[in-house]
Amino acid sequence: MLRDMTLGQYYPANSVIHRLDPRVKLAGTLVFIISLFAFRSAEAYVAATLALVAVIRISKVPPKFMMRGLKSIIMLLMITVVFNLFLIRGTVVVRIWKLTITKEGIETAVFMAIRLIYLIVGSSIMTLTTTPNNLTDGLEKALRPLNKIRVPVHDIAMMMSIALRFIPILMEETDKIMKAQMARGADFESGNLIQRAKNMVPLLVPLFISAFRRANDLAMAMEARGYRGGEGRTKMKPLVYAHRDRMAYLVMLAYLLVMFGANRIGFAARIFGLS
Amino acid sequence: MSIIRGRKLSYEYQRLDEEGNPESTIRAVDGVDLDVQEGDFVAILGHNGSGKSTLAKHINAILVPTEGTLYVDGKDTRDESQIWEIRQTAGMVFQNPDNQIIGTIVDEDVGFGPENMGMPSEAIWKRVEESLKAVGMWEYRAHSPNKLSGGQKQRVAIAGVVAMRPKCIVLDEPTAMLDPNGRKEVVRTVQELNRKEHVTVLLITHYMEEVIEADKVIVMDQGKVVMQGTPKEIFSHVEELKARRLDVPQATLVAYELQKKGLPLPDGILSMAELADELEKLRGQRG
Ligand SMILES: Nc1ncnc2c1ncn2[C@@H]1O[C@H](COP(=O)(O)OP(=O)(O)OP(=O)(O)O)[C@@H](O)[C@H]1O
Ligand SMILES: [Mg+2]
C-alpha cells in the first residue's frame, strides 16, 4: 500500500479529462475556484454545480473518490457552519437560550459549506485525473515565466519529482527500522506525547543518516548521467497543447461567461425585488 | 588504442577536523598506471578499502586525480570544458539500485541521460526503446521502479547509462545488493553489451564467478595495482591472492588444495568443468 504513494490519489481511467494537458487542468481548477469567489448569486452556483457534475461525469472517476477528500475537512466544515449559523445577526428564526439563529445566518452557513465542498471537490478532480509527475511537469512549464524574477522553477520541479520517487522508499525504510527497533523492545505507542516523541529519536537518527546517504548517492548518480540543471535540457515527454486542450480553454471561457450572466440575472432579480 | 589511460594516478581524501582544517589525508589511489583497450571486459578486484571505487569515480570525472593524469578516450579528465563529453563516453552504474534511479517511471528514468544531453524528444524515445530492449526490460517501460526486483532495477540503471551510448561502462559492485538470480541477470546483461555492442566494461566485484570470463583482471591493494593479467594468470597465484585477502573461484581452490596434496594439476583452473577434464586426463595417464 505504501508503495502506491507515488501515485498520490491518482485514479487511472480512460477519459478526456485524464488526457488533458496538466496546464489546462491547473488553469481550469484556478478558474473554477476564482469563479466561486467572484460570483456569489444562487443562479451562479446553480451554473457551477452543473459544470462540476458534468466534469465529474466526463472524468469517469466514481463520485465516492471525490468525496474522500472531504473527510479531511469535515472539522473545518462544521466549525464554519456553526460559527456562521450563530454569529450572524439579522431576522431571528430560532432562539435557544442566549443563542440565536437568523435567516441570514442560515443562508451564509449553507453558502459557505457549499463553497468549501466545491473547492475541495473541484481540486480533487485535478489530482484524481493527473499523475503527480504530470502535474509537476505542468507546474514547471506553467510557472516558467517566474524564471525571469529568479525563481528556480526547474529546480523546484526536480525536487518535487525526486521527493515523489523517494517518499515511498523512505516510508518503507521507516517501517523496517521501526520493526527492527520494536523487536529490540522499543515502544512507539504508549506513554504521553513527550515520552512518545523521545521514543522516536532512535527511529529518526538512522532514518536521517540513511536519507542523507541516499541524497549523496543520488546527486552523484545524476551528475554521472550528465545532469547540470535545467539549462540545455530537453524533455522526453514534452507538454504540447493538442486540439482538445484548446477546446478546453474555450469551455472555460464559456463557463466564465455563463457564470457572469447568471450572476447578473441574480443581481437584477434581487434589485427589482423579484426573488 | 587504449580508451582509458592513467599515468601515476593518485587521489587523496582530506579528512577535516571540527574547524574544517585538514587533519589528515588518506591516499586512496596511489600511483596507478591503467590501460584499458577498447572493447575489453576488465574486472577489478580488491579487498574493502583498496581504492576501487575511488579509481572508478575518476573514469567518470566525478573525481579528478590529485596527482598524475587520466585520459578517457583521449580527453583529460582535469579539463573542465570536456567533463560532459567524458561523462557521456564513460557511463557509471553504482551499487544501490534505489539510489541511482531518478525517474518515477522506468522509461522516464532511462530518458534522463539523453534529456541532459539536450536531444530532441523523438531521438530520446528511440534511445530509450533501444536500451530497454538491450537489457530486456522493454515490457516494464510503464512500471514504477519501486515495484521491480533488485536485478530488474539494476538493469534499468544499466539501460539509463546505455541510452547515452557510452563507449565504456564502469560498474561499481552492481550485484552486491542482489540475490543470486539478480546477480546472474545483471552479469549476463553486461556480458551481452560487451559482446554484441562492443562496449568496454570495467566491472568491480567481489564475486569470483563474475571475473572468470573477463578479458583482463586488475587486482588492487592499498590504492595500488598489484596484479594484472588474464583470469588464468591471476588465479594461478592462489597464495598471493589469499595474502591480499581475496577469494578465488571454487574450482581454483579445489585444484589448489589437490596440488598441495601432490596431484600434478596445472595452475589457473577456473571452472569445475575444467577441473573435471584435468582430473580425467590424470586418471587416463595413471590407469
Ligand atoms: N568520501 C571519503 N572521504 C574520506 N575517505 C574516503 C572517502 N571515500 C573513501 N575513503 C577512503 O578511501 C579508501 C578507499 O576507499 P574506496 O571506497 O575507494 O575503496 P573500495 O575498494 O571501493 O572498497 P569497498 O570494497 O569497500 O567498496 C578507504 O580507506 C576509505 O576509507
Ligand atoms: Mg567501493
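The values are calculated or read from the model by the stated rules, or taken from the named source; none is laboratory data. All figures in this text were calculated on a predicted structure; none of them were measured in a lab. Every residue, glycine among them, receives a Cβ derived from its backbone with ideal geometry; neighbour counts consider all protein chains shown. Each accessible area value is taken on the protein alone, full model and side chains, heavy atoms only, with ligands, DNA and RNA left out. Shrake-Rupley method; radii C 1.70, N 1.55, O 1.52, S 1.80 Å.
Which of the residues belonging to the range B:26-52 are near ligand 1 (Cβ under 8 Å from one of its atoms) and not hydroxyl-bearing (Ser, Thr, Tyr)? Spell out the reasoning first.
We begin by selecting, within the range B:26-52, every residue near ligand 1 (Cβ under 8 Å from one of its atoms); these are B:26, B:28-29, B:46-52.
Within the range B:26-52, B:26, B:28, B:29, B:46, B:47, B:48, B:49, B:51, B:52 meet the criteria.
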Exercise. Quickly run through the range B:115-124 and pick out the residues that are facing chain A (nearest Cβ under 7 Å) and either crowded, with 23+ Cβ neighbours inside 10 Å or part of a helix (DSSP H, G or I) (or both).
Key: B:115, B:116, B:121, B:124
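Is there a residue being within 13 Å of ligand 1 (Cβ to nearest atom), closer than 17 Å to residue B:210 by Cβ and not hydroxyl-bearing (Ser, Thr, Tyr) anywhere in the range B:53-73?
Residues of the range B:53-73 that are within 13 Å of ligand 1 (Cβ to nearest atom), as a first pass: B:53-59, B:62-63, B:66.
Of the ones still in play, those that are also closer than 17 Å to residue B:210 by Cβ are B:53, B:56.
With the extra rule that they be not hydroxyl-bearing (Ser, Thr, Tyr), the set shrinks to B:56.
Scanning the range B:53-73, I find at least one residue that is within 13 Å of ligand 1 (Cβ to nearest atom), closer than 17 Å to residue B:210 by Cβ and not hydroxyl-bearing (Ser, Thr, Tyr), so the answer is yes.
Pull up the range B:132-159, narrow it to residues that are free of Cβ contacts under 8 Å to residues at least 40 places away in the same chain and part of a loop (DSSP other than H, G, I, E, B), then point me to the one that is nearest to ligand 1 (Cβ to nearest atom). Write out each step before concluding.
Applying the first criterion (free of Cβ contacts under 8 Å to residues at least 40 places away in the same chain) to the range B:132-159 yields B:132-133, B:137-143, B:146-147, B:149, B:151-152, B:155.
Checking the rest, the ones that are also part of a loop (DSSP other than H, G, I, E, B) come to B:137, B:141-143, B:149.
Details: B:137: 26, B:141: 32, B:142: 34, B:143: 30, B:149: 23 Å.
The qualifying residue nearest to ligand 1 (Cβ to nearest atom) is B:149.
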Practice problem: Within the range A:248-259, identify whether any single residue is within 11 Å of chain B (Cβ to nearest Cβ), surrounded by 16 or more Cβ atoms within 10 Å (Cβ to Cβ), of a type in the set (A, V, I, L, M) and touching a Lys or Arg at 6+ places or on another chain (Cβ under 9 Å), and answer yes or no. | Solution: no
Practice problem: Might you check whether a residue that is in the same structural domain as residue A:268 (by TED's automatic domain parsing), more than 27 Å from residue A:132 (Cβ to Cβ) and not in a helix (DSSP H, G or I) occurs anywhere in the range A:13-33? | Solution: no
Quiz prompt | Test result for residue A:204, assigned to a helix (DSSP H, G or I) and either touching a residue at least 12 places away in the same chain (Cβ under 8 Å) or surrounded by 15 or more Cβ atoms within 10 Å (Cβ to Cβ) (or both) | solution = no
Quiz prompt | the range B:88-99, subset within 7 Å of chain A (Cβ to nearest Cβ) and either among the acidic types (Asp, Glu) or open to solvent by 10 Å² or more (accessible area, probe 1.4 Å) (or both), residue farthest from residue A:173 (Cα to Cα) | solution = B:88
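Please find, among A:223, A:189, A:231, the residue that is out of contact with any Leu (no Cβ under 6 Å at 6 or more places or on another chain), surrounded by 15 or more Cβ atoms within 10 Å (Cβ to Cβ) and acidic (Asp, Glu).
Working: A:189 fails: surrounded by 15 or more Cβ atoms within 10 Å (Cβ to Cβ); A:231 fails: surrounded by 15 or more Cβ atoms within 10 Å (Cβ to Cβ).
Checking each option against the conditions leaves just A:223.
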Quiz item: closer than 17 Å to residue B:223 by Cβ, within 16 Å of ligand 2 (Cβ to nearest atom) and open to solvent by less than 30 Å² (accessible area, probe 1.4 Å) - does that describe any residue in the range B:14-27?
Solution: no
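Please note which helices (runs of 4 or more DSSP H) are completely contained in the range A:51-162 and include at least 1 residues that are more than 30 Å from residue A:228 (Cα to Cα), without any contact (Cβ under 8 Å) to a residue 24 or more places away in the chain and out of contact with any His (no Cβ under 6 Å at 6 or more places or on another chain). Please lay out each step first, then the result.
Details: elements: A:63-71, A:74-87, A:103-129, A:132-142.
Passing ranges, in order: A:63-71, A:74-87, A:103-129.
In the range B:195-217, which residues are over 15 Å from residue B:60 (Cβ atoms) and either β-branched (Val, Ile, Thr) or buried (at least 21 other Cβ atoms within 10 Å of the Cβ) (or both)? Steps first, answer last, please.
If we filter the range B:195-217 for residues that are over 15 Å from residue B:60 (Cβ atoms), which is where we start, we get B:195-198, B:205-217.
Matches in the range B:195-217: B:205, B:208, B:210, B:211, B:212, B:214, B:217.
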Exercise. Check B:62, B:105 and return the single one that is open to solvent by 30 Å² or more (accessible area, probe 1.4 Å), within 16 Å of ligand 2 (Cβ to nearest atom) and among the aliphatic types (A, V, I, L, M).
Key: B:62
Quiz item: Any idea which of B:131, B:81 is under 30 Å from residue A:213 (Cβ atoms) and more than 10 Å from every other protein chain (Cβ to nearest Cβ)?
Solution: B:131
Quiz item: In the range B:1-25, which residue that is among the hydrophobic types (A, V, I, L, M, F, W, C) and over 13 Å from residue B:65 (Cα atoms) is farthest from ligand 1 (Cβ to nearest atom)?
Solution: B:1
Practice problem: Any residue in the range B:163-190 that's open to solvent by 10 Å² or more (accessible area, probe 1.4 Å): show its pairings with residues that are of a type in the set (Asp, Glu) and part of a helix (DSSP H, G or I) at Cβ separation under 6 Å, as long as the two are six or more apart or on different chains. | Solution: B:187/B:210
Quiz prompt | Out of B:34, B:45, sole residue that is away from ligand 2 (no atom under 16 Å from the Cβ) and open to solvent by less than 30 Å² (accessible area, probe 1.4 Å) | solution = B:34
Practice problem: Name, by its number, the condition in (1) touching a Ser or Thr at 6+ places or on another chain (Cβ under 9 Å); (2) within 14 Å of chain B (Cβ to nearest Cβ) that does not hold for residue A:224. | Solution: (1)
Practice problem: Name the strands (runs of 3 or more DSSP E) wholly inside the range B:160-268 in which the number of residues that are of a type in the set (Gly, Ala, Ser) is 1 or more. | Solution: B:224-229
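Among B:198, B:206, which is the only one that is out of contact with any Pro (no Cβ under 6 Å at 6 or more places or on another chain) and away from ligand 2 (no atom under 16 Å from the Cβ)? Steps first, answer last, please.
Values: B:206 fails: away from ligand 2 (no atom under 16 Å from the Cβ).
Going through B:198, B:206 in turn, the sole match is B:198.
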